[in-house]
Every structure is written in structure tokens, then in C-alpha cells.
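This report refers to the structure that appears directly beneath it.
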Amino acid sequence: MDVITDVHDMKAYVREIHAMGETLCLVPTMGYLHEGHLDLMRRGRTLADHVIISIFVNPTQFGPHEDLDTYPRDFARDEKLAESVGVECIFFPGVQEMYPQGYATYVNVEQITEGLCGAGRPGHFRGVATVCAKLFNICDPDCAVFGEKDYQQLAVIRRMVDDLNMRVQIIAHPTVREADGLAMSSRNKYLSPEQRRNATVLNRVLIQAQELVKAGEHDTAAIRQKTIELIRSTPEVVIDYVEIVHPETLACLDMIEDQAVMALAVKVGPTRLIDNMTLEA
Ligand code: PAF
């Protein structure tokens with residue numbers, strides 16, 4: 001396994017791959033890998049000759065009172081896990097390497113960053129778009145795989161890639177869930193056993209919403225109301241938002257006519273969790 005911490009070394013590594021006429025897939029991560037990440041890497045292996053991952057806990061996407069300092073990190077474990085699914089190289093830069101003294105350039109994707117997580121986490125998607133633009137410039141991947149669990153993030157990256165004419169192809173990969181339906185996330189580690197049980201309400205309300213739509217309920221206010229009731233009946237789970245949005249524009253919908261996405265964010269104790277599911281009319 002190659003571990004590269006320097007931007008210039010990473011660019012040289014990628015240049016060699018392209019010079020051989022071979023393709024490259026990037027899986028950007030913040031580390032503390034779980035089965036969901038490994039599935040993105042396995043998907044990457046089916047898409048390109050080489051898979052590179054990046055591990056970088058990106059400070060610009062964390063708000064001042066968020067968990068940047070306590071975000072879980074374990075590079076030795078991550079390296080073993082990535083190797084076990086055939087990753088050849090990890091780009092593992094330090095903060096100074098990515099944001100050296102005098103750094104001043106940010107990517108701001110408008111409109112679709114305003115609602116959902118963007119409303120409660122100002123600046124978050126500016127940080128995500130900026131670091132992804134940098135990673136795409138440094139690693140010059142043919143494709144990059146992102147999980148659908150971070151639905152708004154995926155939409156923001158797609159918008160940025162289209163708007164800025166980047167050559168990378170963005171691949172969406174389905175959310176990987178635990179046996180009880182909880183979406184895999186590095187932040188699940190923060191949950192106590194009881195909070196962990198309560199957190200399964202997220203998947204339950206999403207399935208309930210899908211069933212309501214299948215049964216003919218297309219009025220989003222009614223579906224949101226039932227969702228909110230079930231979440232509120234669960235101890236320690238506090239709603240940040242429950243929205244039903246257009247799959248591409250992320251605009252809130254009154255009625256589900258064709259396809260919609262239900263997106264949720266809650267706090268379980270101090271831990272913020274998100275999830276989403278497609279609803280088909
Ligand atoms: O989803 C994540 O882990 C991060 O937001 C990403 C895409 C690696 C950017 O830091």
C-alpha cells in the first residue's frame with residue numbers, strides 16, 4: 001500500500017497511471033472506515049483499473065461548535081481495511097498541506113446548499129465542495145464514488161462538477177445499513193447502546209413513508225406529520241429537519257408526483273445523524 005502525504009507526490013503518482021493509459025477511481029473519505037466506505041471502494045474496483053482513497057478530516061466543513069477535534073481517527077486500522085478491499089494508494093495529507101498559510105480560495109455552490117443540512121450547518125457545503133475540488137485537481141480521477149447516505153453532499157458535488165466542467169464522473173452508491181436498518185456512519189461510534197437502539201427510528205420512519213406513498217398518500221404534509229409523530233415518540237431523538245424534496249433541485253415538495261427524497265436529520269443525545277430514502281409515487 002502506498003501512503004502519500006504530499007500533493008506533488010500524489011500528482012506524480014496519478015500522472016504515471018494516466019501515462020500508462022489506465023483509469024483511476026477516487027473514493028474521498030474522512031477515515032474511520034466502516035463497511036459503507038469499503039463498499040464504495042469495492043464499487044470503485046469495478047469502475048477503474050486503480051482505486052485511490054483519500055483520508056482527510058477536512059476542517060473547513062466543520063462549524064465552530066462541531067466535532068472536528070473529537071472526530072474518530074485510526075489510520076493504522078483504516079490502512080488495513082482499505083488494503084483488504086484492494087485499494088492501492090491512500091492520499092493522506094495534513095491540514096497544512098491542503099490549506100497552507102495564505103490559503104484563500106473556496107468553492108460556493110449556491111441554492112441547493114441552502115436547505116436541509118445547509119440550513120443548520122452554514123459553511124459546511126462550502127468546505128465539502130472546496131476540499132472535493134482540490135482532491136479532484138490533485139488526484140485527477142476518471143471517476144469518484146460517493147455514498148447516497150449524504151444525499152445533499154452528492155447533489156452538491158454533482159452540481160459543482162457540472163458547473164465547473166470538471167472531467168470526473170460522479171458515481172452514487174446506495175447506503176449501506178446495519179442489520180437493524182441504521183445507516184452506517186463513522187458517527188454511530190458515539191452512540192450508547194440505548195441511543196443506538198433509539199437511532200433505528202430513522203430507518204423505520206423512512207420505510208413508513210415509503211409504505212404510505214405506496215398506499216396512495218402523496219401529500220407530503222401528511223407524510224411528514226406521521227414521521228414527526230413517530231420520531232417524537234422515541235426517547236432522546238430530537239428532530240433537526242424532516243423534509244420531502246425533489247431528487248435533483250432539493251426543493252421542498254407539497255405533493256409527490258413521481259419521485260421524491262425524504263431527508264432527515266436528528267440528534268440522538270449529542271450525536272447528529274442523517275438518513276434519506278427515495279419515495280416513488
Ligand atoms: O463524506 C465525507 O466523508 C466528506 O464530506 C468528504 C466527501 C470526504 C469531504 O471531506
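Descriptive notes on the structure:
- The Kirkwood radius of the range 51-92, taken over pairs of alpha-carbon atoms, gives through the Stokes-Einstein law at 37 °C and 0.692 mPa s a diffusion coefficient of 281 µm² s⁻¹.
- Sites Tyr103 and His18 - FRET efficiency at Förster radius 30 Å, r taken between beta-carbons, to 0.05: 0.65
- Cα point-scatterer Debye curve for the chain, base-10 log of I(q)/I(0) at q = 0.10, 0.15, 0.16 Å⁻¹: -0.54, -1.19, -1.33
- Legend: calculated FRET efficiency, Ala222 to Glu114, from the Cβ-Cβ distance at R0 = 25 Å, rounded to 0.05, equals 0.50.
- Annotation: amide H of Glu148 within the under-5 Å range of His173, Thr175, sequence separation 5 or more or interchain, hydrogens built in the peptide plane.
- Dipole of the range 126-188, positive direction: furthest Cα of Gly181, Val168, Ala129, with charges on the beta-carbon: Ala129
- Over all Cα atoms in the range 1-77, the spread is summed up by Rg and Dmax: 14.5, 46 Å.
- Cα-based convex hull volume of the range 230-271 per residue, rounded to whole Å³: 79
- Reference-scaled alpha-carbon Rg (2.2 N^0.38 Å with N residues) for the range 186-265: 1.16
- Contour excess over end-to-end distance, with Cα ends at Gln169 and Glu83 and 0.36 nm allotted per residue: 28.6 nm
- The charge dipole of the range 158-281, taken about its Cα centre with unit charges on the Cβ of Lys, Arg, Asp and Glu (plus for the first two, minus for the last two), comes to roughly 640 debye.
- Candidates Gly269, Gly31, Gly127: whichever shows maximal mean-square fluctuation once the chain is modelled as a Gaussian network with Cα springs under 10 Å: Gly269
- Counting every pair of alpha carbons in the range 151-208, the share spaced more than 16 Å apart comes to 57 percent.
- On Cα atoms only, tilt of 201-214 relative to the major axis of the chain in degrees: 70
- Its Cα centre serving as origin, the range 1-110 has a Cβ charge dipole (Lys and Arg +1, Asp and Glu -1) of approximately 180 debye.
- Pairwise Cα separations in the range 1-155 fall into 10 Å bins from 0 onward with the following percentages, short to long: 10, 40, 38, 12, 1.
- Rounded to the nearest Hz, the phi-derived 3J(HN,Hα) couplings of the range 63-72 under the Karplus curve 6.51 cos²θ - 1.76 cosθ + 1.60 (θ = phi - 60°) are x, x, 10, 9, 8, 4, 6, 9, 4, x, where x marks glycine and proline.
- Cβ charges +1 (Lys, Arg) and -1 (Asp, Glu), total dipole of the chain, debye: 480
- In degrees, nearest ten, helix 151-163 long axis to first principal axis of the chain (Cα): 50
- Per-residue ³J(HN,Hα) for the range 188-193, Karplus 6.51 cos²θ - 1.76 cosθ + 1.60, θ = phi - 60°, Hz, x for Gly and Pro: 4, 4, 6, 7, 6, x
- Dipole of the range 141-281, positive end: most advanced residue of Leu230, Ala209, Thr278 [Cβ charges, Cα centre]: Leu230
- Sites Asp240 and Met1 - FRET efficiency at Förster radius 25 Å, r taken between beta-carbons, to 0.05: 0.10
- Working from label points 7 Å from Cα in the Cα-to-Cβ sense, the Asp162 to Glu35 distance is 3.4 nm.
- Eigenvalues of the alpha-carbon gyration tensor of the range 122-281, scaled by 5 and square-rooted, set the equivalent ellipsoid semi-axes at 28, 20, 13 angstrom, largest first.
- Karplus-based coupling profile of the range 169-184, in residue order and whole Hz: 9, 8, 10, 8, 10, x, 4, 9, 10, 5, 4, 8, x, 5, 5, 5, with θ = phi - 60° in 6.51 cos²θ - 1.76 cosθ + 1.60 and x standing for Gly or Pro.
- Per principal axis, descending, Cα span of the range 120-191 in whole Å: 40, 27, 19
- Ellipticity at 222 nm from helices only: DSSP H runs of n ≥ 4 in the chain, each -39500 (n - 2.57), divided by the residue count, give -11500 deg cm²/dmol.
Every read-out reported here was derived from the displayed coordinates using simple, explicitly stated rules and does not represent laboratory data. Worth saying up front: this structure is predicted, and the values here are computed from it rather than measured. All Cβ positions, glycine included, derive from the backbone under ideal geometry; neighbour counts span all protein chains shown.
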